[in-house]
Each structure stands twice: as structure tokens, then as C-alpha cells.
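Below: the structure, in C-alpha cells.
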């Protein structure tokens with residue numbers, strides 16, 4: 001009833017080409033943004049903000065990055081963890097070499113380092129596709145893994161071999177390091193993620209996004225209408241790794257506080273890939289859904305176990321949630337192989353014609 | 001797009017594209033063997049021949065997918081030994097495929113919009129914000145694409161992902177995507193394959209209209225002899241990679257070599 005576009009006529013192409021052509025969608029987005037920017041910082045508990053929301057946003061951003069490459073351009077990558085690591089280490093080096101420059105600038109700049117590495121390892125994509133490309137990006141993952149552990153210069157020769165996040169301030173408020181308030185960190189992460197999501201949305205809805213999808217769906221025909229394959233693919237690698245790099249920097253500086261190279265391992269790559277597949281290939285909103293499901297599910301399951309008051313050891317709970325999450329993933333993939341984003345679309349379509357079936 | 005031009009006399013002009021002595025082999029298999037022919041400005045040129053005659057290979061040579069071992073291709077006065085896909089596209093050669101090659105995950109509108117890619121050049125910076133020049137360009141091209149959508153009468157399916165469309169409509173969207181490039185030379189690879197009579201009639205009408213209103217030169221491969229004889233100005237016949245006849249439909253119809261190729265010869 002409420003979700004009905006009847007009577008909303010488009011009289012010009014600007015309105016018709018809008019990302020959210022339906023008024024209810026625009027209201028929905030405004031509400032979500034209001035809750036995210038005002039509601040959660042005001043009413044959310046510290047645990048909820050720093051252990052649920054911040055990671056969720058970081059993973060969403062990484063998932064958007066991988067989705068641009070794998071979902072929109074059809075290039076399978078297993079190097080996400082490595083690219084995130086490049087962002088994190090670049091940010092650490094930058095902020096220790098130039099401590100006076102604001103950390104937010106360095107977080108955004110560190111993405112460009114990851115971008116460069118991404119383009120470099122994206123070069124094989126001009127020749128190989130599919131699983132073979134996945135193996136080529138795997139080499140990026142292993143090489144970067146090796147570099148993070150073996151080059152002590154990257155962590156300023158720390159004995160721990162880990163990134164130790166220094167305190168950095170914005171308008172006199174600590175936003176990184178041990179003194180930073182969860183709300184402040186959350187708002188910084190949220191602003192960056194919101195901004196980058198907006199940019200991603202703009203890109204995929206325009207000429208560039210169409211070129212990416214054209215390459216994904218039929219590269220021969222794309223070449224024929226004048227899309228240059230190598231430029232398009234490398235641009236996808238560049239943008240994708242930029243997003244992953246920024247996500248990596250956010251992860252270490254605004255969530256973990258310190259990080260060993262191991263967090264950028266192959267596990268992380270698969271973790272993000274699962275989010276993209278479950279959320280929906282080629283969908284930005286799906287990236288958020290995927291991150292929420294894969295990261296949020298274990299938290300919810302653990303909370304349920306706690307609520308029921310079962311006397312089980314934490315280790316068993318851990319194992320049980322692993323099993324349950326695995327089962328749920330399989331279940332979701334059987335129900336909707338195209339991911340949660342498709343489920344969301346179908347739901348909206350049903351809502352539009354409700355109470356009639358079609 | 002050019003203004004409609006109805007006078008048949010002036011319709012056909014100079015040579016737009018000429019292939020000379022082109023040979024293409026895959027290993028030991030000779031797909032095309034020393035074929036020469038030309039396509040004149042404004043005409044509808046049919047390429048026919050039995051299966052495996054090298055017709056599609058010929059189109060692939062013309063738009064740069066295949067690189068012939070021998071021969072020259074002259075397009076708009078420039079002679080080269082081989083085309084490159086991007087060169088062909090920016091030079092104004094558009095193409096449809098034997099088995100539809102649309103971008104399946106995208107809507108009909110986006111597919112046709114993708115055909116405008118070469119005409120769009122607002123840089124990455126503005127694309128990030130989707131405002132100012134980027135939006136103006138998008139709207140300008142949307143307007144052009146809507147004209148094509150009207151022309152092909154596919155208004156009601158513009159938002160449908162093309163993967164869900166029936167075959168006949170997919171063929172029409174593919175034609176739309178090719179038209180979006182404002183081509184000078186349009187290559188159609190079996191535009192009527194798998195269609196029923198009514199769809200064939202529609203498609204024939206579109207081909208004639210494109211040729212007539214936009215003055216687009218058309219080269220088509222087709223197996224339906226009725227269609228070929230009715231539509232085309234000149235026909236080139238290939239068999240086993242060699243040219244066996246070239247001329248008006250009537251001349252070709254009477255040519256003994258063509259009859260033998262299609263019906264077989266008594267040995």
C-alpha cells in the first residue's frame with residue numbers, strides 16, 4: 001500500500017535516470033541515513049557501535065570494492081585481503097612519516113597505493129579470464145602476504161611486526177588510537193563509507209558502469225561497440241583496489257587499533273568474496289547485505305545462545321556458530337543463487353503490487 | 001543522423017569498403033581464399049552461401065576480430081592489411097551477431113545506451129559525481145536512444161533485462177544497440193535466423209527503413225533467399241571460402257555456379 005509508485009510520473013530524463021526514481025525509496029534512504037548518522041551514535045551501546053557497526057561498515061566497503069571487480073566487471077579476484085593490507089600499511093607509513101597531516105586524508109590517500117598495486121596485478125586480466133585469473137590474483141595475495149611479513153620497514157621495524165596505530169586527532173578529538181571514543185570512530189567510518197558508496201553508485205549508473213557490465217556480459221560485443229577492454233578492466237581493478245585499500249586502512253586504524261599481517265591473509269579474501277556472492281554479484285546494496293549476513297550472523301547466534309542461558313563453553317559456541325553460519329549460507333544460496341540483493345528486489349516487487357500477486 | 005533521402009538514383013554512392021584478395025586460414029583450414037568485393041555507400045549488400053562458406057569469417061575480418069594472412073581492406077579510402085576492433089568501431093562499423101550477443105544482465109535501455117559509449121567522453125572525475133557535464137551528456141544520449149527505441153517500437157520493454165526477452169525482441173534490441181553507434185556501415189549476421197514470417201517481415205521493414213531514412217550502408221548475411229532477393233541491391237556468393245558470383249539478385253539467381261553450389265552437381 002505504502003510502497004506504490006502510482007501517480008509518480010517522470011516528465012524529464014533527469015528524473016527518470018535517477019538512482020532512486022521512486023519517492024518511497026528516497027524517503028527510505030533518508031531514514032536509513034538519519035538512523036545511521038544520528039540514531040546509532042546517540043542510542044547505540046559502545047559494544048554495538050565498536051564491535052558491530054564499525055566492522056560491518058568496513059566489510060561493506062571492502063565488499064563494494066570486490067563487487068566492482070567481480071560483480072560488475074566479471075573478473076574473479078582472490079587478492080582482496082592483500083589489497084586491503086596495502087592500504088593499511090600505506091596509511092601506517094604515511095602517518096608515521098608525516099604525522100602532521102590529518103589521518104583521514106592519509107586513509108583516503110592510502111587507497112591510491114592499493115590502487116597502483118591492483119593495476120599491476122590486474123595486468124594479466126588482459127590475457128586470461130575466469131578461474132585462471134583467480135589464480136593469478138591469488139599470486140598477488142601470496143606475494144603481498146609475504147611482503148607484509150618479510151619487510152620490517154613496512155612496520156617501522158617494530159619488534160612485534162605489527163601495525164601499532166598511533167593517536168591522531170581531528171579538531172582536537174582523538175579519532176584513532178586507544179583514546180578514541182567509539183562514537184567518533186564510528187562517525188568517521190560511516191562518513192567515508194557513505195561518501196565512497198555514493199561515488200560507486202554514481203560510477204556504476206553511468207557510462208563507466210555500463211562499460212564494466214558490458215565487459216562482464218559479452219566482452220566480444222563490448223569491444224565491437226568501441227569499449228577498450230584493457231582500459232575498462234584496468235579501471236575496474238584500480239577502483240576496486242582503491243576501495244579495498246581504504247577498507248583495509250579503516251579496518252586497522254578505526255577498528256582493530258593494531259594489526260598483524262595475518263589479518264590480510266587469504267582467509268580475509270575468501271571472507272569478502274563470500275559476502276559478495278551471498279549479497280549479490282553486481283549490486284551495491286547486496287554488498288551491505290552480504291557483510292551484514294556473514295559478519296552479523298555469528299554475533300546474533302552467539303547472542304541467542306547467551307539469551308537462552310545454555311551452559312556451553314565459549315569454544316563450543318564458536319564451533320556451533322561456524323556450523324550454523326555454514327548451513328545458513330548453503331540455505332540462502334539454494335533459495336536465491338543470485339544473492340540477497342535479488343531477494344530484496346523480489347520483495348520490493350511483491351510489495352509494489354500487494355495485495356495482488358502480480 | 002542524416003535527413004531522409006528518398007531518391008533511389010542518388011542512394012548508392014562510391015565504394016565505402018573494399019576487400020581485396022583476402023585469405024584467412026585457421027591452421028590448415030582455409031576459411032577464406034582470395035576473396036575480393038566491395039560495398040558501396042548507401043546500398044544493401046548481401047553475402048550468401050552454403051554453410052561453412054566463410055560468410056561470418058568475412059564479417060569478422062571486416063570488423064577486426066580475425067586477422068587475414070593476406071589481402072587488403074580499404075575502408076573510407078584508407079587501405080590496411082587488417083582492421084582492429086576499436087578502429088572499426090570508431091570508424092563507424094557496427095555489427096549484430098548470428099546468435100544474439102547482448103549484455104544479458106543489463107536492461108534493453110542500458111544495452112542501447114552502451115552502444116553510445118564511443119560518443120560519450122565526460123571524464124572519470126565528473127562521472128564520480130554524476131552531475132554537471134556527466135549528467136548533461138547522459139541525458140543528451142538518453143534522448144537519442146529514446147528515438148531508436150521509438151523507431152524499433154520497444155518502448156514497453158526498455159527496463160526489462162534483455163536475458164528475459166523473447167528471441168525476436170532480443171534481435172531487435174541488438175539492432176538498436178548497433179544503430180546507437182550511428183554507423184556508416186552496418187553488418188548484420190543472419191538478422192532473420194529463427195524468426196517466424198511475421199517477425200521476418202518486421203525485421204525486413206526495419207532494415208529497409210534504416211537504409212532509407214538514415215542512409216546507412218548495410219551488409220547482411222542471410223539464408224532466407226526470399227529476403228535476400230527482395231532486400232538487397234547486390235549479392236556476393238561465397239562457397240568453400242571462394243567467391244563464386246557477384247552481382248544483382250537476378251544475375252546471381254541465374255548463375256550456374258551458384259545453382260550448383262546450392263543444389264549440388266551431378267558427377
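Data table
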{"quantity": "Residue satisfying all of: in segment A:12-63; within 14 Å of another protein chain (Cβ to nearest Cβ) and under 22 Å from the mean Cα position of the chain (by Cα); surrounded by the most Cβ atoms within 10 Å (Cβ to Cβ) among these", "calculated": "A:19"}
{"quantity": "Residues being surrounded by 10 or more Cβ atoms within 10 Å (Cβ to Cβ) and either more than 17 Å from residue B:240 (Cβ to Cβ) or modelled with pLDDT under 90 (or both) - total across segment B:20-29", "calculated": "1"}
{"quantity": "Condition broken by residue B:142, with the remaining ones in (1) more than 22 Å from the chain's Cα centre (by Cα); (2) more than 7 Å from every other protein chain (Cβ to nearest Cβ); (3) in contact (Cβ under 8 Å) with a residue 24 or more places away in the chain; (4) buried (at least 17 other Cβ atoms within 10 Å of the Cβ) satisfied", "calculated": "(2)"}
{"quantity": "Residue B:109 closer than 30 Å to residue B:222 by Cβ and within 12 Å of chain A (Cβ to nearest Cβ)", "calculated": "yes"}
{"quantity": "Answer from A:88, A:62 - the residue that is touching a strand residue (DSSP E or B) at 6+ places or on another chain (Cβ under 9 Å), part of a helix (DSSP H, G or I) and within 30 Å of residue A:216 (Cβ to Cβ)", "calculated": "A:88"}
{"quantity": "Selected residue [in a loop (DSSP other than H, G, I, E, B), surrounded by fewer than 21 Cβ atoms within 10 Å (Cβ to Cβ) and under 21 Å from the mean Cα position of the chain (by Cα)] from B:212, B:199, B:147, B:182", "calculated": "B:182"}
{"quantity": "Near pairs, Cβ below 9 angstrom, 6+ apart or cross-chain, from segment A:113-142 (without any contact (Cβ under 8 Å) to a residue 12 or more places away in the chain) to any residue that is part of a helix (DSSP H, G or I) and exposed (fewer than 15 other Cβ atoms within 10 Å of the Cβ)", "calculated": "A:128/A:135"}
{"quantity": "Residues satisfying the stated conditions in segment A:91-149, i.e. touching a strand residue (DSSP E or B) at 6+ places or on another chain (Cβ under 7 Å) and outside any helix (DSSP H, G or I)", "calculated": "A:102"}
{"quantity": "Some residue of segment A:223-230 being within 14 Å of chain B (Cβ to nearest Cβ), part of a helix (DSSP H, G or I) and crowded, with 24+ Cβ neighbours inside 10 Å", "calculated": "yes"}
{"quantity": "Candidate set: segment B:157-178, residues that are buried (at least 17 other Cβ atoms within 10 Å of the Cβ) and within 11 Å of another protein chain (Cβ to nearest Cβ); chosen: the one farthest from the chain's Cα centre (by Cα)", "calculated": "B:158"}
{"quantity": "Search result, residues across segment B:215-227 that are over 13 Å from residue B:43 (Cβ atoms) and either assigned by TED's automatic domain parsing to the domain that holds residue B:154 or buried (at least 21 other Cβ atoms within 10 Å of the Cβ) (or both)", "calculated": "B:221, B:222"}
{"quantity": "Lone qualifier among B:94, B:101, B:46 - being in contact with a helix residue (DSSP H, G or I) (Cβ under 9 Å, 6 or more places away or on another chain), buried (at least 17 other Cβ atoms within 10 Å of the Cβ), at the interface with chain A (Cβ under 9 Å from one of its Cβ atoms) and outside any loop (DSSP other than H, G, I, E, B)", "calculated": "B:94"}
{"quantity": "Residues of segment B:117-136 that turn out to be more than 8 Å from chain A (Cβ to nearest Cβ) and surrounded by 15 or more Cβ atoms within 10 Å (Cβ to Cβ), as a count", "calculated": "2"}
{"quantity": "Residue A:192 vs. criteria out of contact with any strand residue (DSSP E or B) (no Cβ under 7 Å at 6 or more places or on another chain) and within 14 Å of another protein chain (Cβ to nearest Cβ)", "calculated": "no"}
{"quantity": "Selection status of residue A:261, over 27 Å from residue A:147 (Cβ atoms), in contact (Cβ under 8 Å) with a residue 12 or more places away in the chain and more than 14 Å from chain B (Cβ to nearest Cβ)", "calculated": "no"}
{"quantity": "Out of A:144, A:198, A:187, sole residue that is surrounded by 15 or more Cβ atoms within 10 Å (Cβ to Cβ) and within 14 Å of another protein chain (Cβ to nearest Cβ)", "calculated": "A:198"}
{"quantity": "Index of the failed condition, residue B:114 passing every other in (1) facing chain A (nearest Cβ under 9 Å); (2) within 16 Å of the chain's Cα centre (by Cα); (3) crowded, with 22+ Cβ neighbours inside 10 Å", "calculated": "(2)"}
{"quantity": "Residue within segment A:284-305 that is surrounded by fewer than 22 Cβ atoms within 10 Å (Cβ to Cβ) and part of a loop (DSSP other than H, G, I, E, B) present", "calculated": "no"}
{"quantity": "Total residues in segment B:61-91, condition assigned to a loop (DSSP other than H, G, I, E, B), facing chain A (nearest Cβ under 8 Å) and touching a residue at least 60 places away in the same chain (Cβ under 8 Å)", "calculated": "1"}
{"quantity": "So residue A:245, is it more than 7 Å from chain B (Cβ to nearest Cβ) and out of contact with any helix residue (DSSP H, G or I) (no Cβ under 9 Å at 6 or more places or on another chain)", "calculated": "no"}
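Conditions (1) under 16 Å from residue A:242 (Cα atoms); (2) within 14 Å of chain B (Cβ to nearest Cβ); (3) in contact with a helix residue (DSSP H, G or I) (Cβ under 8 Å, 6 or more places away or on another chain), marked per residue:
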site	(1), (2), (3)
A:100	no, no, no
A:110	yes, no, yes
A:124	no, no, yes
A:134	no, no, no
A:153	no, no, no
A:167	no, no, no
A:204	yes, yes, yes
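The values are calculated or read from the model by the stated rules, or taken from the named source; none is laboratory data. None of the values given here were measured: they were computed from a predicted structure. When we count neighbours, we look across all protein chains shown, and the Cβ atoms used for this are built from the backbone with ideal geometry, even at glycine.
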